[in-house]
């Protein structure tokens, strides 16, 4: 009986995964024309929240996990490079410019924004005060943002940089560096791998 239950369970899970993949692919194909650009084999899982898609450019082989929110406000532009993977539950919000390079790895519940809500007017609710501190965000090729990371306006995260879980990034992080904490600070640097011996002249 246990063997039969295992086979049935595996079959049901396989069918479920197939349905989820097929639904996501069909949805992605259906909406692709609404974007500034939408690369081949790019998939957006449902549910998703989208705003300003005419100013959102997604490269090829991009994955956007379920529960994410992509938005370009006003004249803002959001660009996601080829091969980038966004695990899910993430918010990417551009009122100026947010750019993720190629093959960036974004864990769950990451928040990236190039603006904040104005809040200094004590006579009005924050909701009514509009946006401020608009400043472009750039995340380099091959970077990795851990779970629950917050990236603030004006930040550049370098190529191959790693941001530890729960960090709040308020200042630039150089290439090939590990940054952790609130606010995030660099705790180590690592050089790119040397060229293969066979590639030397």
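The numbers here are math on the coordinates, done by the rules we state, and not lab data. Predicted, not measured: the structure shown is a model, and the values here were computed from it. Positions of Cβ are backbone-derived with ideal geometry, glycine not excepted, and every protein chain shown enters the neighbour counts.
Worth a mention:
- Candidates 10, 24, 5, 57, filtered to the one that is farther than 15 Å from residue 69 by Cβ, within 24 Å of the chain's Cα centre (by Cα) and in a helix (DSSP H, G or I): 24
- Here residue 124 does not qualify as out of contact with any strand residue (DSSP E or B) (no Cβ under 8 Å at 6 or more places or on another chain) and closer than 28 Å to residue 61 by Cβ.
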